[in-house]
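Remarks on the structure that follows.
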Amino acid sequence: MLEAAKEIARSDGLGALSFGRVARQLGTNDRTVVYYFPSKAELIGAVLVSLGEDLQDLLAEAFGEEPLPPSDLGRRAWKVLARDETQPIFALFFEILGQAAVGASPFVDLAPLLVNDWLRWLEPRIAIADSDRRHCAALALLAQIDGLLLLRTAAGSDAAHDAAGVLGFC
């Protein structure tokens, strides 16, 4: 069920995600989907968590086992994330953030959870001893990467690549 929901979200966006659409894709009825995902917020949240875990697996492989300076993590992340196949995933994350910015439910509640989950995942990978500085570095790195990905979406891969070069990511 989750894979079908992820496929719908990647192809048509979160706005197209519904119990009925997931059920039709699977050849079942929407009550079956509701049994596993009692609300649309839970369905969207499960899709986002799963897509985030997919990205985190890719990044964990690129980052390696040892904590690294933020600039090294940025370079390694950009090599993984600046690919055409990751673009549909980021379109979904930007959809959530855009909907949250205008106060739309359930996105206004999901967006902060999403950001905090990424920060919790990223912080231990940053080689800074002081926890406050490490947290700030994680925030800055997340902002840089998300900004580059947003630029890639809005202005194209060449513009994002140029900006990534100025940041030392390539």
Looking at (1) within 20 Å of ALA60 (Cβ to Cβ); (2) not in a helix (DSSP H, G or I); (3) not charged (D, E, K, R), which is the only condition HIS135 fails? (2)
Among residues of the stretch 105-126, those that are farther than 21 Å from ALA138 by Cα and either surrounded by 14 or more Cβ atoms within 10 Å (Cβ to Cβ) or modelled with pLDDT of 95 or more (or both), counted: 3
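The values are calculated or read from the model by the stated rules, or taken from the named source; none is laboratory data. Just so it is clear, the structure is predicted and the values come from calculations on it, not from any experiment. Reconstructed Cβ throughout: ideal geometry from the backbone, glycine too, with neighbour counts over all protein chains shown.
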